[in-house]
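Below: one structure, written as structure tokens.
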Amino acid sequence: MDSIGPAVAGVPSWEGTPATPDLGDLLKLSARGDQAAFGQLYDAVAARAFGLALRVVRDPAQAEEVTQEALLELWRTASRFDSALGTPMAWILTIVHRKAVDRVRSAEASTRRDTTYHVQNQAVDHDTTADSAHASLEAKRVRDALQSLTEVQREALELAYFGGYTHTEVATMLDLPVGTAKTRIRDGLIRLRDTMGVGS
């Protein structure tokens, strides 16, 4: 006779026996360590157990894991079955349902933890309105400070720093020796710094 058995780690294999078993009797035999009886019990309840697990967890792979966990618990705790409290199938499906609900709750808790982590560790967006206002105020300060420069200083600075030209290019555009252009730019920067209070 072929050896059959559930794909449950820790549950021994057993020899197949005739169908139409009484689940209560199989539970009692399984509680005594009867592997063949548990094999029949497994075959009799596995499909319904999987169906219930699937309705709860809604994922076939998860449902298979839940079913295996529940049937492993059934093998370990068969002696706890009390026929005075209900039918064998009701007791078995209660175990399956509890395992399935635990799996769903665990998944939801994991999702909540992930969501909370991402919310708490999300980079804070800059306040663009405040940044714009600050930039606008700074621009006004610079414009006001530029008005304190001489015409030649302002012209040289605007070309060098706002126009992006090199000292040599500024000298050429203003028809000045390079040294003179550098002096105007340097003097303009010193006066600009003093007017804006930078470094003071």
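The values are calculated or read from the model by the stated rules, or taken from the named source; none is laboratory data. It should be emphasised that the depicted structure is a prediction, and the values quoted were computed from it without experimental measurement. Neighbour counts run over all protein chains shown; Cβ positions are idealised from the backbone, glycine included. Surface areas here come from the heavy atoms of the whole protein model, side chains and all, with no ligands, DNA or RNA. Shrake-Rupley method; radii C 1.70, N 1.55, O 1.52, S 1.80 Å.
A few points about this structure:
- Accessible area of the range 52-112 belonging to carbon and sulfur atoms, whole % at 1.4 Å probe: 50 percent
- For the range 23-31, putting each phi into the Karplus relation 6.51 cos²θ - 1.76 cosθ + 1.60 with θ = phi - 60° gives couplings of 4, x, 5, 5, 5, 5, 5, 5, 4 Hz, in residue order, rounded to whole numbers and with x for Gly and Pro.
- Length released on extending from Asp82 to Ala107, taking residue separation times 0.36 nm less the Cα-Cα span: 5.8 nm
- Cα→Cβ-extended label distance, 7 Å offset, between Leu72 and Asp25, nm: 3.0 nm
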